[in-house]
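The values are calculated or read from the model by the stated rules, or taken from the named source; none is laboratory data. All of these numbers come straight from a predicted model, not from anything done at the bench. Counting neighbours? That spans all protein chains shown, and the Cβs are built from the backbone with ideal geometry, glycine included.
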Amino acid sequence: MKRLPHHIAIVMDGNGRWAQKQGKERVFGHAEGVESVRSIIETARTIGIPYLTLYTFSTENFSRPQEEVKALMHLMVKAIEEETEKLVANDIRCVVIGNLTLLDPEVKARVEDFVRRTSSGRSLTVVLALSYSSRWEITRAAALLAQEAKDGIIRVQDIDENLFASRLATAGIPDPDLLIRTGGEQRISNYLLWQAAYAELYFTPVPWPEFREEALYEAVIEYQHRERRFGKTSEQIKGNATE
């Protein structure tokens, strides 16, 4: 319990394929995936993980069949409406990162109200990457800094990693220590490319609808067995630990 990741990020993959193996429509898998979201949020809060980021919907997902996109948005809005009071009662804050201008105006309004209503939570911060693309986020940060330099607000020589990070959608949120991808694929799919520079990557064949409490424990235990060097040698790490 003394070596828990401060921030866990998850690519929730495998919903549609899981449903198809059950002989059902892909949307059934997404609906069952909502149950996994509930389980993982509850587990993270119980064991004391301060930050949890969930890849909810990428900008690339808009290219899926429109019926599936509409079903996903309906499920998300329904889950928001059903879970808001419970999240508030459990002192959980939710924030959203992504290009929300791409959302249907009604969905966008529901999401923004959800964020406002949970804003006072302190036990756990759940970050929903919605209509999110890491390349969009990085490009946007570069454009913001370029405009500020042009306007004389900052100097070009002032731009460093910290200043750049402060213009990302995740400003104020620590980088993930552990990045999990479910469903068997082994890539991070345009997700937190800047922030995950030193994250431990954990890939599991377990599809998201089956990824519950025990599966998260297994990922955390695997994380605890790894040596995080951040460019240093093992000897340096061990030396610092004994000082």
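What number goes with the only condition from (1) exposed (fewer than 12 other Cβ atoms within 10 Å of the Cβ); (2) more than 25 Å from Ala31 (Cα to Cα); (3) in contact (Cβ under 8 Å) with a residue 12 or more places away in the chain that Glu60 does not pass?
Exception for Glu60: condition (2).
Of the numbered conditions (1) touching a Ser or Thr at 6+ places or on another chain (Cβ under 7 Å); (2) farther than 25 Å from Ile49 by Cα, Ile138 fails exactly one; give the number of that condition.
Condition (1) is where Ile138 drops out.
Being touching a residue at least 40 places away in the same chain (Cβ under 8 Å) and surrounded by fewer than 16 Cβ atoms within 10 Å (Cβ to Cβ) is the requirement here; does Glu68 meet it?
Numbers: touching a residue at least 40 places away in the same chain (Cβ under 8 Å): yes; surrounded by fewer than 16 Cβ atoms within 10 Å (Cβ to Cβ): yes.
Here the answer is yes, as Glu68 does meet what is asked.
Any chance segment 7-24 includes a residue that's among the aromatic types (Phe, Trp, Tyr) and modelled with pLDDT of 95 or more?
Filtering segment 7-24 down to residues among the aromatic types (Phe, Trp, Tyr) leaves 18.
Remaining after also requiring modelled with pLDDT of 95 or more: 18.
Yes, the conditions are met somewhere in segment 7-24.
Given the condition under 14 Å from the mean Cα position of the chain (by Cα) and of a type in the set (Lys, Arg), answer yes or no: does some residue in segment 89-97 qualify? Explain how you work it out, then say what you get.
Within segment 89-97, the first condition is being under 14 Å from the mean Cα position of the chain (by Cα), and the residues that meet it are 93-97.
Filter again for of a type in the set (Lys, Arg), leaving 93.
Yes, segment 89-97 has at least one match.
Any chance you could count how many residues in segment 13-48 are hydrophobic (A, V, I, L, M, F, W, C) and crowded, with 23+ Cβ neighbours inside 10 Å?
First, the residues of segment 13-48 that are hydrophobic (A, V, I, L, M, F, W, C): 18-19, 27-28, 31, 34, 37, 40-41, 44, 47.
Next, from what is left, pick out any that are crowded, with 23+ Cβ neighbours inside 10 Å: 18, 40, 44.
Number satisfying all stated conditions: 3.
Every residue, every condition in (1) touching a Pro at 6+ places or on another chain (Cβ under 9 Å); (2) under 25 Å from Gly29 (Cβ atoms); (3) of a type in the set (A, V, I, L, M, F, W, C), yes or no:
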{"residue": "Gln66", "(1), (2), (3)": "no, yes, no"}
{"residue": "Lys70", "(1), (2), (3)": "no, yes, no"}
{"residue": "Val88", "(1), (2), (3)": "no, no, yes"}
{"residue": "Gly98", "(1), (2), (3)": "no, yes, no"}
{"residue": "Arg116", "(1), (2), (3)": "no, no, no"}
{"residue": "Ser133", "(1), (2), (3)": "no, yes, no"}
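Do we find that Leu201 is of a type in the set (A, V, I, L, M, F, W, C) and surrounded by 21 or more Cβ atoms within 10 Å (Cβ to Cβ) in this structure? If you could, list the steps in order and put the result at the bottom.
Details: of a type in the set (A, V, I, L, M, F, W, C): yes; surrounded by 21 or more Cβ atoms within 10 Å (Cβ to Cβ): no.
Considered against the rule, which asks whether it is of a type in the set (A, V, I, L, M, F, W, C) and surrounded by 21 or more Cβ atoms within 10 Å (Cβ to Cβ), Leu201 comes out as no.
What single numbered condition from (1) assigned to a strand (DSSP E or B); (2) at positive phi fails to hold for Phe57?
(2)
In this structure, is Arg212 of a type in the set (Lys, Arg) and free of Cβ contacts under 8 Å to residues at least 60 places away in the same chain?
On the way: of a type in the set (Lys, Arg): yes; free of Cβ contacts under 8 Å to residues at least 60 places away in the same chain: no.
Spelling it out, it is not the case that Arg212 is of a type in the set (Lys, Arg) and free of Cβ contacts under 8 Å to residues at least 60 places away in the same chain.
Let me spell it out: the conditions are (1) more than 19 Å from Thr204 (Cβ to Cβ); (2) assigned to a helix (DSSP H, G or I); (3) under 19 Å from the mean Cα position of the chain (by Cα), and Ser36 meets all of them except one. Which number is the exception?
(1)
Can you tell me which condition Arg3 does not meet? The list is (1) assigned to a helix (DSSP H, G or I); (2) surrounded by fewer than 20 Cβ atoms within 10 Å (Cβ to Cβ), and all the others hold.
(1)
Under the condition of being touching a Gly at 6+ places or on another chain (Cβ under 9 Å) and assigned to a loop (DSSP other than H, G, I, E, B), which residue from segment 197-229 is nearest to Ser39 (Cα to Cα)?
Phe211
If the Cβ limit is 7 Å and pairs must be 6+ apart or interchain, which residue in segment 106-129 that is under 15 Å from Val77 (Cβ atoms) and touching a residue at least 60 places away in the same chain (Cβ under 8 Å) pairs with which residue that is buried (at least 18 other Cβ atoms within 10 Å of the Cβ) and hydrophobic (A, V, I, L, M, F, W, C)?
Pairs that qualify, where the first residue is under 15 Å from Val77 (Cβ atoms) and touching a residue at least 60 places away in the same chain (Cβ under 8 Å) and the partner is buried (at least 18 other Cβ atoms within 10 Å of the Cβ) and hydrophobic (A, V, I, L, M, F, W, C), are Leu128/Leu54; Leu128/Cys94; Leu128/Val96.
Quick test for you: out of Ala219, Ala215, pick the one residue that is out of contact with any helix residue (DSSP H, G or I) (no Cβ under 9 Å at 6 or more places or on another chain) and under 20 Å from Ile49 (Cα atoms).
Numbers: Ala215 fails: out of contact with any helix residue (DSSP H, G or I) (no Cβ under 9 Å at 6 or more places or on another chain).
Ala219 is the lone residue from the list that is out of contact with any helix residue (DSSP H, G or I) (no Cβ under 9 Å at 6 or more places or on another chain) and under 20 Å from Ile49 (Cα atoms).
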